[in-house]
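Take a look at the structure below.
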Amino acid sequence: LVSSIHALMATTAGVIVVLSCRGNIIYDRHWLATYFVIWYGVPYMTYDIFAMYLSHYYRYHVKGHEDYKQHSLRTVNSFVRREFLLVLHHIALLTILLPITLVWRGRDAGALR
């Protein structure tokens, strides 16, 4: 449900931004693009990592695995190893791609003013 809502909001924000751009869509600015990244993209990616971990944990907890009687570094490590590419994707978005996007867009060009 949360992912579907995120997808609808991202699509809506994208359509609003694209329709608002009058010149070159690559270089035009819209405040919604910056705010969406900062106030919705970052929290969603953080939430999604946590939700994926909980899903992983409870999947093995219900099956009765001994290591999954309580949360521990072992369960987190198991999650990261089993879902490495998904975790890497989310961490890369949060730490590399989103900051690069904000700098490339020229955040100091008045997008937040």
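The values are calculated or read from the model by the stated rules, or taken from the named source; none is laboratory data. Since the model is a prediction, treat every value here as computed from it, not as a measurement. Using ideal geometry, Cβ is built from the backbone for each residue, glycine included, and neighbour counts are taken over all protein chains shown. Note: areas computed on protein heavy atoms with side chains; ligands, DNA, RNA excluded. Shrake-Rupley method; radii C 1.70, N 1.55, O 1.52, S 1.80 Å.
Once the mean of 1/r is taken over each pair of separate Cα atoms and inverted, the range 1-80 shows a Kirkwood hydrodynamic radius of 15.3 Å. With 0.36 nm allotted per residue and the present C-alpha distance subtracted, the Tyr60-Thr46 stretch has 2.8 nm of extension available. The dipole here belongs to the chain: it is taken about the Cα centre, uses +1 on the Cβ of Lys and Arg and -1 on the Cβ of Asp and Glu, and is about 20 debye.
A simple rule links phi to the HN-Hα coupling: the Karplus curve 6.51 cos²θ - 1.76 cosθ + 1.60 with θ = phi - 60°, which for the range 88-100 gives 4, 4, 5, 5, 5, 4, 5, 9, 10, 6, 5, x, 4 Hz, with x for Gly and Pro. Rolling a 1.4 Å probe over the heavy atoms of the protein chains gives the chain an accessible area of 71 Å² per residue. Along the range 6-22 the Karplus relation, 6.51 cos²θ - 1.76 cosθ + 1.60 evaluated at θ = phi - 60°, assigns HN-Hα couplings of 4, 4, 5, 5, 5, 5, 4, 4, x, 5, 4, 5, 4, 5, 7, 6, 9 Hz to successive residues, with x for each Gly and Pro. Its relative contact order, with pairs defined as Cα atoms under 8 Å and 6+ residues apart, puts the chain at 31 percent. Were the residues from Ile100 through His71 laid out at 0.36 nm apart, the gain over their Cα-Cα distance would be 7.1 nm. The share of accessible area on the chain that comes from carbon and sulfur is 67 percent, using a 1.4 angstrom probe.
With θ taken as phi - 60° and the Karplus curve 6.51 cos²θ - 1.76 cosθ + 1.60 applied, the whole-hertz 3J(HN,Hα) list for the range 64-76 is x, 5, 4, 5, 10, 7, 8, 5, 7, 4, 5, 5, 5 Hz, x standing for glycine and proline.
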